[in-house]
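S.K.: Here it is: the structure, laid out below.
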Amino acid sequence: MSLTLVSFNICPYVLRVVAALNHLKIPYEIKYIDLENKPDWFVKASPLEKVPILFVGETVLFESLVILDYVNTLAPQSLLPNDNLQKALNRARAEFSGEIIGTFWSVFSAKTEESFKNSLADLKWYFEKLEGWLQQSKFIYSNELTLADFAYAPIFTLFDALKPLLKFNLYEGFPRLQEYSQSILSLPGVQSSKVENYDQLIQERIKKGDPFFLTQ
Ligand SMILES: N[C@@H](CCC(=O)N[C@@H](CS)C(=O)NCC(=O)O)C(=O)O
């Protein structure tokens, strides 16, 4: 069955799927759209009018974590545990990353010092949880790389892209998180999931919002 992934170039949720597809060496095509000018075929196909969607033949899958679950079934070796409860736990840890992606945008788009500080405090709260999990295992769920780790990949590609604009180390006080970030960023599937000029595109997008952190 042919796979066509519909993408927007810097979407973090798309990046999760691309990284997993690349890692699992599953062949697919990719179609980029402009979210500010959504084509009619996309609006008809995507129930929430969001990317990513994955055409599997004529069938449309949506929601990045659901797409991840599906593409994992296409690989000869699953990135999920066999046990159903453990599988659910893996998915729960993957879901947790979505909260962090949302908070990331709040921190780096906050326009006032107060909203910046509040969002940063929220982000650090999430980081505390991750640090705790990462003290128990090498990756976010276990000592082996699993599907949940791909859900976290965009968090690290985003932070990495913004590093040149930051005057502070976001991972200070979170040594395991910093190590984990490096191991995820070094995966070939993650490296190849970034579009050309990814860092520059992210920086431009963030600068356009005139955020508080750039005035510091
Ligand atoms: N929960 C969704 C979130 C997807 C999402 O928010 N995608 C954004 C782009 S990064 C989108 O398509 N937004 C629609 C819009 O901007 O109109 C998933 O995990 O796939």
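The values are calculated or read from the model by the stated rules, or taken from the named source; none is laboratory data. Just so you know, these numbers come straight off a predicted model, no measurement behind them. So basically every Cβ, Gly included, is an ideal-geometry build from the backbone, and we count neighbours across all protein chains shown. Side chains are part of the model used for accessible areas, which takes the heavy atoms of the whole protein and leaves out ligands, DNA and RNA. Shrake-Rupley method; radii C 1.70, N 1.55, O 1.52, S 1.80 Å.
S.K.: Can you give me the accessible area per residue for segment 3-74, using a 1.4 Å probe, in Å²?
M.R.: Accessible area per residue: 50 Å².
S.K.: While we're here: How big, in percent, is the set of alpha carbon pairs in segment 67-216 lying more than 27 Å apart?
M.R.: 26
S.K.: So how far, in whole Å, is the C-alpha centre of segment 157-188 from the one of segment 1-31?
M.R.: Rounded to whole Å, the Cα centres lie 23 Å apart.
S.K.: From Cα pairs below 8 angstrom and at least 6 apart in sequence, can you work out the relative contact order of segment 27-152, rounded to a whole percent?
M.R.: Result for segment 27-152 is 20 percent.
S.K.: With 19 Å as the cut-off, how large is the P(r) tail for segment 16-134, expressed as percent of Cα-Cα pairs?
M.R.: 61
S.K.: Between S115 and A45, what is the label-to-label distance in nm when each label sits 7 Å out along the Cα-to-Cβ direction?
M.R.: About 3.4 nm separates the two model spin labels.
S.K.: So the label point goes 7 Å from the Cα of R205 along Cα→C-beta, right? Which residues of segment 1-24 then have their backbone N under 16 Å from it?
M.R.: Only 6-19 fall inside the zone, counting backbone N under 16 Å.
S.K.: So if R0 is 22 Å, what FRET efficiency would A92 and V66 give, r being the distance between their Cβ atoms, rounded to the nearest 0.05?
M.R.: The computed FRET efficiency comes out at 0.95.
S.K.: If the convex hull of the alpha-carbon atoms of segment 3-74 is projected onto planes in all directions, what is the mean projected area in square nanometres?
M.R.: Quarter of the Cα hull surface area: 4.3 nm².
S.K.: Suppose we keep just the alpha-carbon trace of segment 57-115; what are its Rg and Dmax in angstrom?
M.R.: 16.3, 49
S.K.: Which whole number in µm²/s is D for segment 103-189 by Stokes-Einstein, with the Kirkwood Rh taken over Cα pairs at 20 °C and 1.002 mPa s?
M.R.: Diffusion coefficient, whole number: 157 µm²/s.
S.K.: Using a Gaussian network model of the chain with C-alpha springs under 10 Å, which one of V17, V43, V56 is most mobile by mean-square fluctuation?
M.R.: So, out of V17, V43, V56, the one fluctuating most is V43.
S.K.: For the chain, return all DSSP H helices satisfying: extent of Cα atoms along own axis at least 24 Å; mean Kyte-Doolittle hydropathy at least 1.0.
M.R.: 147-162
S.K.: With an 8 Å cut-off on Cα pairs and a minimum separation of 6 or more residues, tell me the relative contact order of segment 3-74 in percent.
M.R.: 41
S.K.: Which one of A153, A45, A94 has the biggest mean-square fluctuation once the chain is modelled by GNM with Cα springs under 10 Å?
M.R.: A45
S.K.: Choose one of P81, P164, I101: the residue whose Cα lies farthest towards the positive end of the charge dipole of segment 43-187 (beta-carbon charges +1 Lys, Arg; -1 Asp, Glu; about the Cα centre).
M.R.: Result: P164, furthest along the dipole toward the positive end.
S.K.: Please report, in debye to the nearest 20, how large the charge dipole of segment 3-74 is about its Cα centre when each Lys and Arg carries +1 at its beta carbon and each Asp and Glu carries -1 there.
M.R.: Approximately 160 debye in magnitude.
S.K.: Tally up the carbon and sulfur contribution to the accessible surface of the chain as a whole percent, 1.4 Å probe, everything protein left in place.
M.R.: Solvent-exposed carbon and sulfur of the chain make up 51 percent of the total.
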